[in-house]
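Structure record follows, encoded as structure tokens.
Derivation of every value follows stated rules applied to the coordinates shown; laboratory data play no part. Keep in mind that this is a model prediction, so the values were computed, not measured. With ideal geometry, Cβ positions are generated from the backbone for all residues, glycine too; neighbour counts draw on all protein chains shown.
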Protein chains: 2
Amino acid sequence: MSQTVDRALSILPLLAEGPADLGRVADRLGVHKSTALRLLRTLHGHGLVYRQSDQRYRLGARLFALAQEAMESLDVREIAHPHLVRLNETCGHTVHLAVHEDGEVLYIDKVDSRYPVRMYSRIGKPVAITVAAVAKLLLADLPEGERRAVAEKLDYPMYTVRSTPNAAAFLKELATVREQGWATDLGGHEESINCVAAPVRGADGRVVAAMSVSAPNVVVTADELLTLLPLVRRTADAISGEYSGRTPVKGTAE
Amino acid sequence: MSQTVDRALSILPLLAEGPADLGRVADRLGVHKSTALRLLRTLHGHGLVYRQSDQRYRLGARLFALAQEAMESLDVREIAHPHLVRLNETCGHTVHLAVHEDGEVLYIDKVDSRYPVRMYSRIGKPVAITVAAVAKLLLADLPEGERRAVAEKLDYPMYTVRSTPNAAAFLKELATVREQGWATDLGGHEESINCVAAPVRGADGRVVAAMSVSAPNVVVTADELLTLLPLVRRTADAISGEYSGRTPVKGTAE
DNA sequence: AATGAGCATTGCAAATAGTGCAACATACCT
DNA sequence: AGGTATGTTGCACTATTTGCAATGCTCATT
């Protein structure tokens, strides 16, 4: 909607790929160097872009601070965290919390596995939306129309042979998930990693977040992991209760 | 330098304070609502801003992803991490890694204490620049002129009675730190917390990062913490060696 | 139900603010 | 020294953004 801002913001993902010099930025944006320079200067003024000693630009410090603050203002996260920790202490595996936003699903919290073999993931990283158990739960809750629209627009990369191959299969899976109220990812993203997930619901019953337990085959088989499902669901329900204000929060006066 | 972009970017810190509706954003920016709307729409288009169900705006998901990517492209962090972990395993206390950027110092990595009493800090959070041990090291390395300029511009909040009170005291402290090659913060930020820190240097000898070990009084006294100094310095030196390419990296072929 | 207040949204004409050009400056390499 | 590649500035032009006023929308109140 605003050309100048649009161009300026396009610089950020570009720099996320790695540091770039003025010429490169101008080229990629398709604008004159002087234009790119002024945009970069403005971004720099706000700390979103940093100019390193070799004159090249990269993403700046303020970005971290902003992301931090944004994260802290997510109250589901705040409420869920202790539950995630407790669940991790009980079962020992990696626990994730994810939310949906504008067609992307991303992890907003994570408690690492106690086992030496850990799966790779990062808070803030968008998840493999077509296969992740948490993504299925979050998308399954969308209204019919929106769900179809999102599913059609997605790419369906075949991470493994068990990955969701296309929109039709995905929608079918979402219907199942919606029905049963929980989801799994059995080797759909990484051959040897399985997840079970359950939804966190707000006061109106809508899914506001999803949590999952993930573990590699070498630690527990898929069947063993599935025995944790009741526990995962109970934990998610506990978070839902607290989030929607139904359950008084333990250890908090007032 | 670019008014439109400048205004748009000013929205981000504003939203970091918490969700805001259109009117509020327009007011704070000092522009007409329609203008604010178009700016927000552009930000939204890039995922930096999200519109929640109650129509208010808050910071968006892409921000997390960008911050993550930026973080991952910092190679000091990559190299330092295993060293921080090892140091934490040895001494058990919280270990931090910080860098300096445009007058701000911020944590880029952290390994939490094994003790139940932990200090509060967050990766990405700007540190208390006038008192933190890592900040002293990073600023002490700046060229004379720049160091003075930065010191004069800072605020000197008295977090505790031991906080650095003013620019003169700060510059004196920086001179000492520069001389001795390590720094401490003994209750300057939080009454009961002490830190010892050492610098990580690049091939040219310039300080590129600083690391610290922090622990509350209730766990170890300041004197006991100081006995860790040689270990902290050795760790920092090991990182420096690897970062500047002098030391071949353990466990990596080629 | 109906009214109205409060907020978001759109089209439009005025002019401000952003653009690309070309010239200049600077660093680096041969 | 000369030349190339890159970053930087001043300026004239016009495309872009702006604020206004009018329109929709949603929700609370009577």
Subject >> Options B:Thr94, A:Leu14, B:Thr184, ranked by Cα towards positive dipole end of the protein assembly as shown, top entry (Cβ charges) >> reply: A:Leu14
Subject >> Rg(Cα)/(2.2 N^0.38 Å) for segment B:36-85, N = residue count >> reply: 1.65
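Taking the radius of gyration and the Kirkwood hydrodynamic radius from Cα positions alone, what is the Rg/Rh ratio for segment B:102-220, to two decimal places?
Result for segment B:102-220 is an Rg/Rh of 0.95.
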**OP:** Would you compute, for the Cα atoms of segment B:151-232, the largest minus smallest coordinate along each principal axis and list the three values in descending order, in whole Å?
**Re:** 40, 33, 17
Original post:
Roughly what % of Cα-Cα distances in segment B:56-120 sit above 19 Å, to the whole percent?
Top reply: 48 percent
**OP:** Please report how far the C-alpha centroid of segment B:1-25 lies from that of segment A:37-90, rounded to the nearest whole angstrom.
**Re:** 16 Å
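Calculate the tail of P(r) for chain B: the fraction of all Cα-Cα distances greater than 24 Å, expressed in %.
Here the long-distance tail beyond 24 Å is 55 percent of all Cα pairs in chain B.
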**OP:** Could you size up the charge dipole of segment A:3-66 around its Cα centre, putting +1 on the beta carbon of Lys and Arg and -1 on that of Asp and Glu, and report it in debye to the nearest 20?
**Re:** 160 debye
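Explain nothing, just the number: relative contact order of chain B, from Cα pairs under 8 Å at least 6 residues apart, as a whole percent.
Normalised by residue count, the contact order of chain B is 14 percent.
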**OP:** List nothing, just return the count: lysine pairs in chain B, 8 or more apart or interchain, with Cα separation under 24 Å.
**Re:** 8
Subject >> Other copies of B:Ser244: label-to-label distances in nm, shortest first, labels 7 Å along the beta-carbon direction >> reply: 6.0
**OP:** Quick one: give the max-minus-min coordinate of the C-alpha atoms of segment B:1-116 along each principal axis, largest first, in Å.
**Re:** 58, 34, 22
**OP:** Name the most mobile residue of A:Ala26, A:Ala175, A:Ala238, meaning the one with the largest mean-square fluctuation, in a Gaussian network model of chain A with Cα contacts below 10 Å.
**Re:** A:Ala26
**OP:** One decimal, nm, shortest first: give the distances between the label point of B:Asp204 and those of the same position in the other copies, each label point 7 Å from Cα along Cα→Cβ.
**Re:** 5.6
**OP:** Among B:Leu171, B:Leu138, B:Leu59, determine the one that fluctuates most according to a GNM of chain B built with springs between C-alpha atoms less than 10 Å apart.
**Re:** B:Leu59
Original post:
Within chain A, which is the longest segment containing none of the trypsin sites (Lys or Arg not before Pro) that sit in a DSSP loop and have at most 15 other Cβ atoms within 10 Å?
Top reply: A:1-113
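For A:41-50, what's the mean count of beta carbons from other chains sitting within 10 Å of each residue's beta carbon?
Taking the mean over all residues of the peptide, I get 5.
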**OP:** For A:Ile193, enumerate residues with amide H under 5 Å from its amide H, sequence gap 5+ or separate chain, H modeled in the peptide plane.
**Re:** A:Gly187, A:Asn217
Original post:
Most fluctuating residue of A:Val31, A:Val111, A:Val200 in a GNM of chain A with Cα springs under 10 Å: which is it?
Top reply: A:Val31
Subject >> Size-normalised alpha-carbon gyration radius of segment A:3-66, reference 2.2 N^0.38 Å >> reply: 0.98
**OP:** For B:Leu231, place a label point 7 Å out from Cα along the Cα→Cβ vector, do the same in each other copy, and report the separations in nm, one decimal, smallest first.
**Re:** 3.3
Original post:
Rounded to a whole number of µm²/s, how large is the Stokes-Einstein D of the protein assembly as shown at 10 °C and 1.306 mPa s, given Rh as the Kirkwood radius over C-alpha pairs?
Top reply: 64 µm²/s
